[in-house]
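The structure appears right after this line, and notes come after that.
Only the coordinates and a few stated rules stand behind these numbers; no lab work does. What you are looking at is a predicted structure, and each value in this text was computed from that prediction instead of being measured. Every residue, glycine among them, receives a Cβ derived from its backbone with ideal geometry; neighbour counts consider all protein chains shown.
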Amino acid sequence: MKPEYTTKVPKTILTKGNGFLSGYSYSLNPYAGCSFGCSYCYVRQMPIAVFRGAEWGTWVDIKKDAAAVLRKELQRAKAKGPVTIFMSSSTDPYQPVEHKERITRSLLEAMADDPPDFLFLQTRSPLVRRDIDVLQQLGDKVRVSMTIETDLEHIRKHFSPYAPPIPARLQTLELLRDADIPAQATIAPVLPSSEQFPHLLRPLVNRVCIDDFFMGDGSGGKRTMRLGVQSLYEEIGMEQWYHPTAWRIVYDRMRQVFPEEQLAVNLSGFSP
């Protein structure tokens, strides 16, 4: 189903960090809504989605002229102190519409001209490779966090059929590595994976973040439970992976090939 797109001109683009993002001074969302529509996305339970009156994944608001707004807000924010930005907290900045609209790229260009102290760029899309040239300009002031919840394509298709394929995400991490852009693999949420998963990631990154529904949805797993995600595990006979201790399976496997200082769990993996 093709999402419904709406264009809006935002009055403001930087949102003060709080809650999960309290380690950041601001969050930055180039879009509202996300056409990847992942079954487990915690944003489904947030007011922006709940009060929309439409299924998550079927609508996207495009924030036109966002870069011009950001340029002004960055100057004001810097006058108040250090500026650390999380992009994005409630959408994917590289969802399909970005191919055409290039809102995210325009925001990166604004930040390359007037860099924040740090930018954490969270995505699950290989499209981020398009902007390697701009990311290089930010140097060590940026970290790209590529979500790779599993190494198994049939699992990815079961839980997030509209999200990009896993092999393309792995290839993108390789391109980021070769371009010397700081990057991490983010296994969040933890989905069923194989023992080969750590060996796929080891050549690509020196930082891995692991998070699950119970630690990461902001409510001890209650938001995810309301989404009925457990039934998706039951459909494939993998209920044991929907458990507060399941993340340890992945962590222990990763620890066999990654030094412990390169592994982070929950909030520490998203910190500036």
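Note on the chain: GNM, Cα springs under 10 Å; of V257, V128, V208, the largest mean-square fluctuation is that of V257.
Number of Lys-Lys pairs in region 40-131 with C-alpha atoms under 20 Å apart and a separation of 8 or more places or on different chains: 5. For E174, the shell of other residues with beta-carbons less than 14 Å away shows a net charge of +2, using +1 for Lys and Arg and -1 for Asp and Glu.
Give me the extension gain from K100 to R76: residue separation times 0.36 nm, minus the current Cα-Cα distance, reported in nm with one decimal. Walk me through the numbers before you get to the answer.
Numbers: separation 24, 0.36 × 24 = 8.64 nm, distance 2.97 nm.
Contour length minus the Cα-Cα distance gives 5.7 nm.
Taking all Cα pairs closer than 8 Å and separated by 6 or more residues, the relative contact order of the chain comes to 17 percent.
The modelled label-to-label distance for the pair D114/I132, using points 7 Å beyond Cα in the direction of Cβ, is 3.0 nm.
Applying 1/(1 + (r/R0)^6) with R0 = 30 Å to the Cβ-Cβ distance of E239 and S194 gives a FRET efficiency near 0.95. Ellipticity at 222 nm from helices only: DSSP H runs of n ≥ 4 in the chain, each -39500 (n - 2.57), divided by the residue count, give -8500 deg cm²/dmol. About its Cα centre, the chain has a charge dipole of approximately 860 debye under the convention of +1 per Lys or Arg Cβ and -1 per Asp or Glu Cβ, with nothing else charged. Highest mean packing comes first when the peptides 180-187, 231-238 are listed by Cβ atoms within 10 Å, giving 180-187, 231-238.
Against the empirical 2.2 N^0.38 Å (N residues), the chain has a Cα radius of gyration ratio of 0.96.
When the alpha carbon coordinates of region 121-272 are projected onto the principal axes, the ranges are 45, 32, 29 Å, largest first.
Positive-end ranking of L135, Y42, Q75 along the dipole of region 4-269, with charges on Cβ about the Cα centre, is headed by Q75. Placing one equal scatterer on every Cα of region 107-178 and applying the Debye formula, the log10 ratio I(q)/I(0) at q = 0.15, 0.25 Å⁻¹ is -0.53, -1.09. What separates the Cα centres of region 70-84 and region 132-184 is a distance of 28 Å.
Contact order, relative form, for region 138-198: 53 percent (alpha carbon pairs under 8 Å, 6 or more residues apart, mean separation divided by residue count).
Of the residues T6, T172, the one with the fewest other Cβ atoms within 10 Å heads the list, and the complete ranking is T6, T172.
In this rough spin-label picture, where each label sits 7 Å from Cα along the Cβ direction, the T6-K64 distance is 1.4 nm.
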